[in-house]
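The values are calculated or read from the model by the stated rules, or taken from the named source; none is laboratory data. In this text, all values refer to a predicted model and were calculated from it rather than measured experimentally. Heads up, the Cβs are rebuilt from the backbone with ideal geometry, glycines too, and the neighbour counts pull from every protein chain shown. Quick note on the areas: whole protein, heavy atoms, side chains included, nothing else; ligands and nucleic acids left out. Shrake-Rupley method; radii C 1.70, N 1.55, O 1.52, S 1.80 Å.
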Amino acid sequence: MTVHSFTLPDRPGPFAIPTDNLIGDAWQSNGMGRIDVIDPSSGSVLTSVADAGVEEALAAVDAAEAAAKSWAATAPRKRAEILVACFHAIMAEQEWLAHLISRESGKALSDARGEVAYAAEFFRWYAEEAVRINGELNMSPSGANRIMVQYQPIGIALLITPWNFPAAMATRKIAPALAAGCTCILKPAEETPLTAQAVLEIIRQAGVPAGVVNLINTSDPGPVCRAILHDPRVRKLSFTGSTEVGRILLREAADQVIKTSMELGGNAPFLVFDDADLDEAIEGALLAKMRNGGEACTAANRFYVHRRLHNAFVAKLCERMGAIAVGPGADPATQCGAMINQASIDKIERLVADAVKRGAEVKLGGKTLAQPGYFYPPSVIANVQPGSEILSTEVFGPVAAVIPFEDEDQAIELANATEHGLAAYVYSRSLERALPIAERIDCGMVAINRGLVSDAAAPFGGVKQSGLGREGSHHGLLEYCEAKYIAVSW
Ligand code: ADP
């Protein structure tokens, strides 16, 4: 069996990263083609990973099936101990993993370090949840019998992840699946397979048994994922990615009535009311916009600022965003790294050009940097006009679109005028005002006077076309469980 691996040139880790597919107890790549992995900071090829087809995908289902019974029967305490060992093992490699994430995704090291801690936290949180999968017991209203409800593992899960958080999006799915007693197959994004490979090798060494987590990379995700979703042994799909692909997968999952969790696109509004603390709003705006270079589904996409504060907000935002150091992610001085690829740059350019054509003013940046790699500078465009595409499409880059508003009702109407509903941000000194506003915004998550919502202990997810189901918290665990109702007379 051919075995391939990769070592970061400037940062050798505790082991060479396997670049094959993990099926059962072995990394393998017999006869498979290879997929190049590109370094977005230079545009050059870093290495390649094995390209699996339908045959390997179904072998991964076989491996998950072979491990399913014994994993479901493993005592919750034992599962919890393995999960907590995974948390410690990932944290022990935080620095090395952060370098790897920076290298293959382009993000700044500081963002990558944060991602590793966030990714590891899902194992710690779900280690604590694994022993608290409580059922329910109550008397039926007629008094004839008891209603007993027990939560059982749903079965084999297919986990499909995007490139923007290659460690955290994988662990946010793997950890609750394992806590619930499910086995799984991870399909990472083509752009960032190495982080997932490294994380899987770490958790394997930390004690996750063979076949419990399998990994398939493919250059042809459509047919490969379709084959997995049409295998009757598979019972769960958890997907994070674009709304377009989410719709395709919902249709695929329908054939076998597979339970789905869908974390799809966002288009977060960031509302600054006239009683907001402007300096705090700027700090929050920087976090909500610039975390991960804007490549986050929770990223603030539209800044609606009360007309009284609009000009001061734009001036301060330009000052702070203009001071951000752009460069290769692995350079410690970098605060904003590269975008993932040329397609991403093309999309940002298109959205900015459309906004300008419709009357917006570029106050900062606004032009792709002429250097190798995929770099777009932190940019601010003000007075963005209704109908501009940037207001309805995630820019997924470091561009802040600012729009003035007159009153509360108008701000809420603008915030809700989208098919998406993932995150929203509200700045106001008055909670009496902000809390009812939070209730009126159509989205799954609202941050009040904060620029960050993500937390392993909180239910992450969207409404409308931003998705179905929740990840993180106890809700995230129940996504991998079936409620079994037993009517008992005694
Ligand atoms: P993005 O636009 O952020 O790259 P995508 O939705 O295209 O997001 O990709 C997210 C994940 O979905 C990746 O792992 C990708 O390989 C996978 N994917 C893309 N198309 C399909 C498909 N037709 N079926 C299954 N997975 C897919």
So, Leu137, is that one surrounded by fewer than 19 Cβ atoms within 10 Å (Cβ to Cβ) and modelled with pLDDT of 95 or more or not? yes
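Hey, does the stretch 53-69 have a residue that's of a type outside the set (A, V, I, L, M), at negative phi, part of a loop (DSSP other than H, G, I, E, B) and within 23 Å of the chain's Cα centre (by Cα)?
Taking the stretch 53-69 first, the residues of a type outside the set (A, V, I, L, M) are 53, 55-56, 62, 65, 69.
Adding the requirement that they be at negative phi leaves 53, 55-56, 62, 65, 69.
Among the residues that remain, those that are also part of a loop (DSSP other than H, G, I, E, B) are: 53.
Next, from what is left, pick out any that are within 23 Å of the chain's Cα centre (by Cα): none.
No, there is no match, as no residue in the stretch 53-69 is of a type outside the set (A, V, I, L, M), at negative phi, part of a loop (DSSP other than H, G, I, E, B) and within 23 Å of the chain's Cα centre (by Cα).
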How many residues does the stretch 219-242 hold that are within 15 Å of the ligand (Cβ to nearest atom), in contact (Cβ under 8 Å) with a residue 40 or more places away in the chain and charged (D, E, K, R)? 3
Take the residues in the stretch 263-296 that are of a type in the set (A, V, I, L, M) and either within 21 Å of Ala417 (Cα to Cα) or touching a Ser or Thr at 6+ places or on another chain (Cβ under 7 Å) (or both); name whichever of them is farthest from the ligand (Cβ to nearest atom). Ala276
Return the residue satisfying two criteria in turn: it lies in the stretch 140-160 and is open to solvent by 30 Å² or more (accessible area, probe 1.4 Å) and touching a Cys at 6+ places or on another chain (Cβ under 8 Å), and of such residues it is nearest to the ligand (Cβ to nearest atom). Pro153
Could you tell me which numbered condition Ile216 fails, if it satisfies all but one of (1) more than 16 Å from the ligand (Cβ to nearest atom); (2) open to solvent by less than 10 Å² (accessible area, probe 1.4 Å)? (1)
Given the conditions (1) open to solvent by less than 10 Å² (accessible area, probe 1.4 Å); (2) under 26 Å from Ile412 (Cα atoms), which single one is not true for Ala312? (1)
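If the requirement is being under 23 Å from Val45 (Cα atoms), open to solvent by less than 30 Å² (accessible area, probe 1.4 Å) and away from the ligand (no atom under 16 Å from the Cβ), which of these qualifies: Ala120, Ala98? Spell out how you get there, then give the answer.
On the way: Ala120 fails: under 23 Å from Val45 (Cα atoms).
That would be Ala98, the only listed residue that is under 23 Å from Val45 (Cα atoms), open to solvent by less than 30 Å² (accessible area, probe 1.4 Å) and away from the ligand (no atom under 16 Å from the Cβ).
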Number of the condition not met by Val45 [criteria: (1) within 24 Å of Trp125 (Cα to Cα); (2) touching an Asp or Glu at 6+ places or on another chain (Cβ under 8 Å); (3) surrounded by fewer than 19 Cβ atoms within 10 Å (Cβ to Cβ)]: (1)
Which residue pairs have Cβ atoms closer than 7 Å, lie 6 or more positions apart in sequence or on different chains, and pair a first residue in the stretch 388-412 that is in contact (Cβ under 8 Å) with a residue 60 or more places away in the chain with a second residue that is in a loop (DSSP other than H, G, I, E, B) and among the aromatic types (Phe, Trp, Tyr)? Gly397/Tyr376; Pro398/Tyr376
Only one residue in Val245, Val199 is part of a helix (DSSP H, G or I), within 12 Å of the ligand (Cβ to nearest atom) and not hydroxyl-bearing (Ser, Thr, Tyr). Which one? Val245
Scan the helices (runs of 4 or more DSSP H) fully inside the stretch 394-490 and keep the ones with 2 or more residues being assigned by TED's automatic domain parsing to the domain that holds Ala72. 473-478
Among the listed residues Ala343, Ala330, Ala268, Ala300, which satisfies the condition of being at pLDDT 95 or above, hydrophobic (A, V, I, L, M, F, W, C) and open to solvent by 10 Å² or more (accessible area, probe 1.4 Å)? Ala343
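Report yes if some residue within the stretch 163-175 is open to solvent by 50 Å² or more (accessible area, probe 1.4 Å), without any contact (Cβ under 8 Å) to a residue 60 or more places away in the chain and more than 20 Å from Val245 (Cα to Cα); otherwise report no.
Here is the first cut: in the stretch 163-175, the residues open to solvent by 50 Å² or more (accessible area, probe 1.4 Å) are none.
No, that holds for no residue.
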If you take the residues of the stretch 1-42 that are at pLDDT below 95 and of a type in the set (Ser, Thr, Tyr), which of them is surrounded by the most Cβ atoms within 10 Å (Cβ to Cβ)? Ser29
